[in-house]
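To start, the structure itself, in structure tokens.
The values are calculated or read from the model by the stated rules, or taken from the named source; none is laboratory data. In this text, all values refer to a predicted model and were calculated from it rather than measured experimentally. A quick note on method: Cβ atoms are made from the backbone with ideal geometry, for glycine too, and the neighbour counts reach across all protein chains shown. Each accessible area value is taken on the protein alone, full model and side chains, heavy atoms only, with ligands, DNA and RNA left out. Shrake-Rupley method; radii C 1.70, N 1.55, O 1.52, S 1.80 Å.
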Amino acid sequence: FRFTHDQLPQLDDGLRGYHEKAWQAYNLLPFPTLKDEAWRRTDIRGLKSDQFSLADSKISGEPPSRFLDPIVTGERRAGQIVCGAVDAQSRLDNALAEQGVIFTDFASAEKSHPELLKVLLGEIVAADEDKFTALAAALAQDGVFLYVPKNVRIDQPLHSLFWGVGENTAFFNHILVWLEEGAEATFVHESASPPLDQDSQIFHNGIVELHVGRNARLNFVELQSWGKNVWSFTRERAQVLGDGSLEWIFGAMGTHLTKNFSDIDLIEPGAMGRMSGFYFTSGNQHLDHDTQQNHLAENTTSDLLYKGALKDQSRSVWQGMIYVAPGAIGTDGYQANRNLVLSKDARADSIPGLEILADDVRCTHGATVGKIDEDQLFYLYSRGIPQKEAEKLIVMGFFDPIMARIPFEGVQIRFLEAIREKMSD
């Protein structure tokens, strides 16, 4: 990359030190290669790293309205943030602001709440975990900061959109969500860009940090609608304290290449985390998801289900691990990855794993890769349903278990629209 030290955020307080340390880590860490276990199924040599630059200025206007419309049907939003290639816009209900809730874009948070961010930043995701993470920590000025004080409950959903547009442009964002004890919130975040030619690459590099305090409840919905010229690298981790609950829903519909690390750390008794993932690849898309469910205390529960469909010459990689620490008795961990391959040239790699260092636990995992069932197709043919419509119905049915996990009709509709578009291409 040709980024320089002068491009670090210009801050006068202690937050400058966070970015400085990340920059130092970035310069010391090597680029990942195919020899690294976590990267050996994802070839990033086609990334034109020496051509990217930060956007000189924000574009005028707004993203398409379909990305700004309420995604949770029947609910009004408690707040909305739009950032990225456009001038940042933030809105939060006054009643929540009076209770101490902070919901603002990341750059504004670093200027308005530096003392709080100095305590929270990097507590969950360390800047030196890998070269991409360090670069994001060093340069990120876009993103979202959500802070919910103790026992504050946000009944309506919060929504944010990160909009990226430009040729050979790099976008860095940092999402930090912190719920104190007894707090509750629903947050829907989407990353999106226009569909552009794959020759003009966009580089996205991000960090997501989620903290769920004791007896707190967080519903976090993450939608990835990048155009097929985007190369996206993200490091995401959640920590859940005693009797806290995290519902994490992830939907991936775009990018040319995605490399995503998503971890849940259950660090006190009674903590619960559930991850639900959806992806549908086509063309020459490559999506690589690396998940980790870390049971670090006794009587914790995790549940992961990722389902994907693949067309054309696309490829998916899912590598998952359930880790049970010594003494973490009473652990209940589950993970499953199901893949539906719709063409002979598509490929899905599915690698589940368990590392159990405690007794009296229940951990199960499974992975499948298969084609459309010929008997199901024959049944639909016999009912007069044309081939393409029959295949579409089977794919819809395949994703139904994931849809059932999504408590928001608007999110379900977006996913179903994406399936129809992919099947119609």
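Pop out the ³J(HN,Hα) list for the stretch 150-159 in order, Karplus 6.51 cos²θ - 1.76 cosθ + 1.60 with θ = phi - 60°, rounded to Hz; leave Gly and Pro as x.
Result, rounded to whole Hz: 4, 6, 8, 10, 9, 7, 8, x, 9, 9.
Take the alpha carbon gyration tensor of the stretch 126-165, find the square roots of its eigenvalues, order them as a ≥ b ≥ c, and report rounded if a/c is under 1.5; if not, report prolate when a/b exceeds b/c, else oblate.
The shape class here is oblate.
Go through the stretch 1-32 and name the trypsin sites (Lys or Arg not before Pro) that are in a DSSP coil and have 15 or fewer other Cβ atoms within 10 Å of their Cβ.
Arg2
Modelled label-to-label distance, Ser382 and Glu417, 7 Å Cα→beta-carbon offset: nm?
Here the answer is 3.7 nm between the modelled labels.
Take each of the peptides 150-163, 399-412, average the number of other beta-carbon atoms within 10 Å over its residues, and list them starting from the highest.
Packing proxy ranking, top to bottom: 150-163, 399-412.
From the helices alone, meaning DSSP H stretches of at least four residues, give me the mean residue ellipticity at 222 nm for the chain, per-run term -39500 (n - 2.57), in deg cm²/dmol to the nearest 500.
-6000 deg cm²/dmol
In Å, what Kirkwood hydrodynamic radius results for the stretch 296-413 from the alpha-carbon pair distances?
For the stretch 296-413, inverting the mean 1/r across all distinct Cα pairs yields 16.5 Å.
Could you grab the Rg to Rh ratio for the stretch 86-125? Cα atoms only, Kirkwood for Rh.
Numbers: Rg = 11.6 Å, Rh = 11.5 Å.
With Rg and the Kirkwood Rh in hand, the quotient comes to 1.01.
Which FRET efficiency, nearest 0.05, do Leu34 and His113 yield, Cβ-Cβ r, R0 41 Å?
0.50
Taking Cα centroids, how far is the stretch 19-69 from the stretch 400-421 in Å?
28 Å
Once you have the Cα-Cα distance between Asp155 and Glu167, take 0.36 nm times their residue separation minus that, and quote the gain in nm to one decimal.
Length gained between Asp155 and Glu167: 0.4 nm.
Can you figure out the FRET efficiency of Asp199 with Gln7, using R₀ = 22 Å and their beta-carbon distance, to the nearest 0.05?
In this case the efficiency is close to 0.30.
Classify the stretch 120-200 from the C-alpha gyration tensor, please: rounded if a/c falls under 1.5, else prolate or oblate depending on whether a/b exceeds b/c. Walk me through the numbers before you get to the answer.
Working: a/c = 3.75, a/b = 1.52, b/c = 2.46.
Cα axes put the stretch 120-200 in the oblate bin.
Give me the distance between the Cα centres of the stretch 300-356 and the stretch 210-288, rounded to whole Å.
Spelled out, the Cα-based centre of one part sits 13 Å from the other.
Using only the heavy atoms of the protein chains and a 1.4 Å probe, how would Glu181, Glu110 rank by accessible area, largest first?
Glu181, Glu110
At a threshold of 8 angstrom on Cα-Cα distance, excluding pairs fewer than six apart, so keeping six or more, what relative contact order does the stretch 307-353 reach in percent?
For the stretch 307-353, the relative contact order is 60 percent.
Quick one: grab Rg to one decimal and Dmax as a whole number for the stretch 1-95, Cα atoms only, in Å.
For the stretch 1-95, the Cα-based Rg and Dmax read 19.3, 53 Å.
What share of the DSSP beta bridges in the chain is antiparallel, in percent to the nearest 5?
Beta bridges within the chain, antiparallel portion: roughly 5 percent.
Distance between Cα centroids, the stretch 137-164 to the stretch 95-132: provide it in whole Å.
Rounded to whole Å, the Cα centres lie 9 Å apart.
Would you please name the trypsin sites (Lys or Arg not before Pro) within the stretch 254-362 that are DSSP coil residues with at most 14 other C-beta atoms within 10 Å of their C-beta?
Counting only loop positions with at most 14 other Cβ atoms within 10 Å, the trypsin sites (Lys or Arg not before Pro) in the stretch 254-362 are Lys344.
Would you mind calculating the relative contact order of the chain from Cα pairs under 8 angstrom and at least 6 residues apart, reporting the percent as a whole number? Please report the intermediate quantities before stating the final value.
Details: 1085 pairs, mean separation 43.3, N = 425.
Taking the mean separation of contacting Cα pairs over the length of the chain, I get 10 percent.
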